[in-house]
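All remarks here apply to the structure that follows.
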């Protein structure tokens, strides 16, 4: 049973390649992100990647390292591809919990992450 204000992976993200309810709120542009996490091997990793989708409640990202459901993930997401030498692009730092891990082609893992905290940088 889901209480008001809580979210499940089914409400936030994909089942394979099929969008789920709430997908209309997501942005599917490939935002650049630096992801910091502890992998399934127990070691901390920092990875440059792009998001598959992004919303106020969560994000989908592909990583080359496997993670486990329930683990925490930190990401700094760049909200622009513009590279102006004088002005840094707008960014948001997010802390989230991995809700789903899917094995993807080419040795990648698709992660559905529920955002628990964020801060504009």
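Which condition does residue 40 not pass, out of (1) out of contact with any strand residue (DSSP E or B) (no Cβ under 7 Å at 6 or more places or on another chain); (2) closer than 15 Å to residue 102 by Cβ; (3) modelled with pLDDT under 65; (4) surrounded by 11 or more Cβ atoms within 10 Å (Cβ to Cβ), if it passes all the others?
The failed condition is (3).
Is region 78-93 home to any residue that is touching a helix residue (DSSP H, G or I) at 6+ places or on another chain (Cβ under 7 Å) and either without any contact (Cβ under 8 Å) to a residue 24 or more places away in the chain or outside any loop (DSSP other than H, G, I, E, B) (or both)?
Taking region 78-93 and keeping what is touching a helix residue (DSSP H, G or I) at 6+ places or on another chain (Cβ under 7 Å), we get none.
No, region 78-93 contains no residue that is touching a helix residue (DSSP H, G or I) at 6+ places or on another chain (Cβ under 7 Å) and either without any contact (Cβ under 8 Å) to a residue 24 or more places away in the chain or outside any loop (DSSP other than H, G, I, E, B) (or both).
Mind listing whichever residues of region 37-63 are more than 23 Å from residue 26 (Cα to Cα) and in a loop (DSSP other than H, G, I, E, B)?
39, 40, 41, 42, 43 - these are the residues of region 37-63 that are more than 23 Å from residue 26 (Cα to Cα) and in a loop (DSSP other than H, G, I, E, B).
The values are calculated or read from the model by the stated rules, or taken from the named source; none is laboratory data. Remember, predicted model here, so these are calculated numbers, not experimental data. Cβ coordinates were reconstructed from backbone atoms using ideal geometry, including for glycine residues, and neighbour counts include every protein chain displayed.
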